[in-house]
Amino acid sequence: MKWKNLIIGLLLCLSVSAFANEPPKVMQEWKAGTVVSLSDVEAYGIDNCFVAEEISDAVFARMQGKSYKKNCTIPRNQLRYLRLLHRNDKGEILLGEIVCNVKIANDLVEIFRQLYEASYPIERMVLIDEYNADDETSMRHNNTSSFNFRTIAGSKKLSHHARGMAVDINTLYNPYYKKRKNGTVVVQPTTGKPYVNRKRDFPYKIVRGDLCYRLFLEHGFTWGGAWRDRKDYQHFEKSIN
């Protein structure tokens, strides 16, 4: 009887130990936009929180007819799904996700890890497919995203986003701005008009010389906020043949 009780006790200990070492379910499920704790991250492993993966069938199904349209000319194997962490301006840790071109996947993993470790605030990071690949809606929600097979607004030319070679960050507070020759002004998103004035102080603002700006330029990206004919303060792109 004593041996039987001892064996049962050992089995219970092993079971409890295995359960304790099991990664948190919230991390395994990885639903972007979910707030997680530091202990969740530590239990899961920080290296497992910044990874680039091939596009799974489940992710591809989410993209179909949205960011990955019927006429998309970018092969699926040229894209990568990134799992990333980010902090908002409250300091909360959130699960994030991005689809981008394989050519910049490692760049983005490194950049966003450094931004996370420095507590650089990024409010939201979910696939643009959550907004039916509608840029205006995604930008109004201050969403950070990359791949979306589309043309440049007002033209027939493919955007860098169509290849997954550009990233838009904290989009509401860093809008696109252009003043046309006829005097009319274009602001995208339209709700971003208050943030065209870059002299104002507000959260999530990207400015020349800040950490986000420096990291992207160090990795060979250009910043839309430096363009002369228009300003796209949210936008970083990289040109690779």
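Normalised by 2.2 N^0.38 Å, with N the number of residues, the alpha-carbon radius of gyration of the chain equals 1.19.
Taking amide H atoms as placed 1.01 Å from N in the peptide plane, the amide H of I93 lies under 5 Å from those of V36, each 5 or more residues away in sequence or on another chain.
Under 14 Å from the Cβ of G209, count the other residues' Cβ atoms, weight Lys and Arg +1, Asp and Glu -1, and hand me the total.
Working: positive: R198, K205, R208, R214; negative: D210, E218.
Summing Lys and Arg as +1 and Asp and Glu as -1 gives +2.
Pairs over the 28 Å Cα-Cα cut-off, from the set K70/K231; K25/K205; K66/K231: K70/K231; K25/K205.
What FRET efficiency comes out for the pair T73/E53, r = Cβ-Cβ distance, R0 = 22 Å, nearest 0.05? Please report the intermediate quantities before stating the final value.
Values: r = 22 Å, r/R0 = 1.01.
The calculated FRET efficiency here is 0.50.
Listed by chain and number, the lysines placed with their C-alpha closer than 18 angstrom to that of K69 are K156, K157; residues fewer than eight positions away on the same chain are left out.
Normalised by the number of residues in the stretch 24-237, the mean separation of alpha-carbon contacts (under 8 Å, six or more apart) gives a relative contact order of 16 percent. For the stretch 194-209, the Karplus equation 6.51 cos²θ - 1.76 cosθ + 1.60, evaluated at θ = phi - 60°, returns couplings of x, 9, 5, 6, 7, 7, 6, 9, 7, x, 6, 7, 8, 10, 4, x Hz by residue, with Gly and Pro reported as x. With respect to the chain, whose longest principal axis is taken over its alpha-carbon atoms, helix 102-117 is tilted by about 70°. A crude spin-label estimate for the pair K193 and H219, with each label 7 Å from Cα along the Cβ direction, gives 3.4 nm.
Under a Gaussian network description of the chain, with springs only between Cα atoms under 10 Å, the residue in D229, D134, D107 that fluctuates furthest is D229.
None of the figures in this text is laboratory data; all of them are computed from the coordinates on show. All values derive from a computational prediction rather than experimental measurement. Cβ atoms come from the backbone with ideal geometry, glycine included; neighbour counts cover every protein chain shown.
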